[in-house]
Structure formats: structure tokens, C-alpha cells
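A.B. asks: The structure's right below; bear with me while I get my questions together.
The values are calculated or read from the model by the stated rules, or taken from the named source; none is laboratory data. The shown structure was predicted, so the numbers you read here are calculated from the model rather than taken from an experiment. Positions of Cβ are backbone-derived with ideal geometry, glycine not excepted, and every protein chain shown enters the neighbour counts.
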């Protein structure tokens, strides 16, 4: 899909892909994912999913002080 194509393009451009993961539509708790982003000190996240989950994820991430950029 789209996320895999973006991943391939980033790799070709020399980006370091730390991890590739997915979420379930309708998911509400992103604490485990946010903790992993913090632990791995991730600079950038490409999100290829739907906007309701993205909004919830961003709110939770910002509440923890996570400064990672999302696209």
C-alpha cells in the first residue's frame, strides 16, 4: 500500500527506517506506540492511516511531551 511505497522511497533516498508498524482502525490507546517512539528517539513518523486515529495519536503524543514530527 501507500505506507510501504513511502517506506521504499525513503530507503532509496538513504533514510534510516527504525521501525514500520500499523494500527487497527478504531484504536483509541496509543500509549505503547508513543512509548516506543520515545524510547527509539524517533525524529519523524509517516502515518498512512485515517484521520480519527491520527488526531487521537497526536493528542496523546503531545500530552507526553513527544516532539516527533508527524506527516
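A.B. asks: So, residue 3, is that one modelled with pLDDT of 95 or more and not in a loop (DSSP other than H, G, I, E, B) or not?
C.D. replies: In short, no.
A.B. asks: Can you tell me which of (1) part of a loop (DSSP other than H, G, I, E, B); (2) under 10 Å from the mean Cα position of the chain (by Cα); (3) without any contact (Cβ under 8 Å) to a residue 40 or more places away in the chain; (4) surrounded by 13 or more Cβ atoms within 10 Å (Cβ to Cβ) is the one residue 19 doesn't meet?
C.D. replies: Here residue 19 meets the rest and fails (4).
A.B. asks: What residue, among those in region 50-67 that are more than 15 Å from residue 29 (Cβ to Cβ) and modelled with pLDDT under 95, is surrounded by the most Cβ atoms within 10 Å (Cβ to Cβ)?
C.D. replies: Here the residue is 50.
A.B. asks: What do you reckon, is residue 30 modelled with pLDDT under 90 and touching a helix residue (DSSP H, G or I) at 6+ places or on another chain (Cβ under 9 Å)?
C.D. replies: No; evaluated as a whole, the condition is false for this residue.
A.B. asks: In region 35-71, how many residues are part of a loop (DSSP other than H, G, I, E, B), touching a helix residue (DSSP H, G or I) at 6+ places or on another chain (Cβ under 6 Å) and under 15 Å from residue 23 (Cβ atoms)?
C.D. replies: Total meeting the criteria: 3.
A.B. asks: On to the next question. I'd like to know if region 22-30 contains one or more residues that are exposed (fewer than 14 other Cβ atoms within 10 Å of the Cβ) and not in a loop (DSSP other than H, G, I, E, B).
C.D. replies: no
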